[in-house]
Amino acid sequence: MLNKLTTESRNPASEHLDQLSALEIVRLMNAEDALVSVAVGQQATAIAQAVEIIAERLRKGGRLIYLGAGTSGRLGVLDASECPPTFNSPPEMVVGLIAGGPAALTRSIEGAEDHPEFAVADLTEVDLAAADVLVGIATSGRTPYVIGGLQYARQVGAATIGFSCNGQSALSDACDVLIAPVVGPEVVSGSTRLKAGTATKMVLNMLTTGAMVLLGKTYGNLMVDLRASNEKLADRTRRIVAMLTGISETAAAAKLAACNGELKVAVVSQDLGVAPEEARRRLKQCNGHLRQTLTSAEPDTTG
């Protein structure tokens, strides 16, 4: 029953919301938002377990697929869409699916979340396979579309991770790992685009960032697999190469040009004094991990 869900309960702190001034509303919402980080932190073990599962699946050629309805679905699509420019991952590596299809990204598709068979159709359309991992996002923990998708994923052998903002929910029986930050009642009762949406965004950030770090997509806290698709990212790429190698940004630009714009190849080529093709070979031997490539460098025998 909806009235038993934490996310549907009335928040005592906001019972007189319509009588507050603008400043009082802002302060109240800020105080409530401060609870979100604590709730997410309490799920650190489950989130870390999910990160390891995702990294393992991606490392072996599988995909991460997000599945959700409404705000949950939109946040999944958002996180998926930001992986290619941030980590230079193939667009098909992280996929976001939303109940009602692409049209639901900008407007509500009434009733789409109530049909588990729609999720099966959507997952079949993207060829969900045993090598993949499905993250079902349902802040209520009861969305039929998400539960149906997770159940189907289990049938095909994919790993399953559930996300809910209610501790006890139907979602827990449909997934291998459950992440459930209980953020408490919303400032506007039932409006899960608020605290629950913030918690969702925080956790999805952790899932993809954590997995990509484990896959060697960063060097320290620097993006070393980013795709320079605009001038801002091109500038960042030059600066990172210069920072890691000690050469000027002008020299870094020239080195990048010689390496087809590949940041990690440019760093390895410069630091180890090898040709770009040799740099690529060494990176491949180390599964793309820049630090491992630099620290386990073999002698250069190409000259």
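To keep it simple, each residue is scored yes or no on (1) under 21 Å from the mean Cα position of the chain (by Cα); (2) outside the structural domain of Leu75 (by TED's automatic domain parsing); (3) in a helix (DSSP H, G or I); (4) not aliphatic (A, V, I, L, M).
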site: Pro91; (1), (2), (3), (4): yes, no, no, yes
site: Gly96; (1), (2), (3), (4): yes, no, no, yes
site: Ser108; (1), (2), (3), (4): no, no, no, yes
site: Phe118; (1), (2), (3), (4): no, no, yes, yes
site: Ala121; (1), (2), (3), (4): no, no, yes, no
site: Thr124; (1), (2), (3), (4): no, no, yes, yes
site: Asp127; (1), (2), (3), (4): yes, no, no, yes
site: Ala130; (1), (2), (3), (4): yes, no, no, no
Gly96: passes all of (1) in contact with a Leu (Cβ under 8 Å, 6 or more places away or on another chain); (2) touching a residue at least 60 places away in the same chain (Cβ under 8 Å) but (2)
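Quick one: how many residues across region 144-161 are of a type in the set (Ser, Thr, Tyr) and either within 18 Å of the chain's Cα centre (by Cα) or at pLDDT below 95 (or both)? Explain how you work it out, then say what you get.
Pass one, region 144-161, residues of a type in the set (Ser, Thr, Tyr): 145, 152, 160.
Those left that are additionally either within 18 Å of the chain's Cα centre (by Cα) or at pLDDT below 95 (or both): 160.
Here the count works out to 1.
If I filter region 250-303 down to residues being of a type in the set (Ser, Thr, Tyr) and not in a loop (DSSP other than H, G, I, E, B), which single residue comes out as modelled with the lowest pLDDT? Break it down into steps so the answer makes sense when it comes.
If we filter region 250-303 for residues that are of a type in the set (Ser, Thr, Tyr), which is where we start, we get 250, 269, 293, 295-296, 301-302.
Filter again for not in a loop (DSSP other than H, G, I, E, B), leaving 250, 269, 293, 295.
Details: Thr250: 96, Ser269: 97, Thr293: 96, Thr295: 92.
Per the criteria, the residue is Thr295.
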**Message:** Being within 26 Å of Leu171 (Cβ to Cβ), among the β-branched types (Val, Ile, Thr) and surrounded by 14 or more Cβ atoms within 10 Å (Cβ to Cβ): is that true of Ile25 here?
**Reply:** no
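Give me the residue from region 199-249 that is part of a loop (DSSP other than H, G, I, E, B) and among the aliphatic types (A, V, I, L, M) and, out of that set, nearest to Met93 (Cα to Cα).
In the first step, residues of region 199-249 are kept if they are part of a loop (DSSP other than H, G, I, E, B); the result is 215-217, 220-221, 224-230, 246-248.
Cutting the leftovers down to among the aliphatic types (A, V, I, L, M) gives us 215, 224, 226, 228, 247.
Values: Leu215: 13, Val224: 18, Leu226: 15, Ala228: 18, Ile247: 34 Å.
Among those that are part of a loop (DSSP other than H, G, I, E, B) and among the aliphatic types (A, V, I, L, M), it is Leu215.
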*Taking the condition crowded, with 17+ Cβ neighbours inside 10 Å and within 27 Å of Glu82 (Cα to Cα), does Lys284 pass?*
no
Quick count over region 17-70, residues being part of a helix (DSSP H, G or I) and either touching a strand residue (DSSP E or B) at 6+ places or on another chain (Cβ under 7 Å) or not assigned by TED's automatic domain parsing to the domain that holds Leu150 (or both), is 8
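With the requirement that a residue be in contact with a strand residue (DSSP E or B) (Cβ under 9 Å, 6 or more places away or on another chain), closer than 18 Å to Thr209 by Cβ and at pLDDT below 95, what does region 84-119 give you? Before the answer, list the steps.
Step one: filter region 84-119 for residues in contact with a strand residue (DSSP E or B) (Cβ under 9 Å, 6 or more places away or on another chain), giving 84, 86-88, 93-99, 104-105, 109, 112-113, 119.
If we keep only those that are closer than 18 Å to Thr209 by Cβ as well, we get 84, 86-88, 93-96.
Matches in region 84-119: Pro84, Thr86, Phe87, Asn88.
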The residue that is surrounded by the fewest Cβ atoms within 10 Å (Cβ to Cβ), considering only those in region 145-190 that are among the β-branched types (Val, Ile, Thr) and in a loop (DSSP other than H, G, I, E, B), is Val188
Can you find a residue that is under 30 Å from Ser9 (Cα atoms) and not β-branched (Val, Ile, Thr) anywhere in region 207-216?
yes
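The values are calculated or read from the model by the stated rules, or taken from the named source; none is laboratory data. None of these values were measured; they are calculated from a predicted model. Note that we place each Cβ from the backbone using ideal geometry, even for glycine, and neighbour counts take in every protein chain shown.
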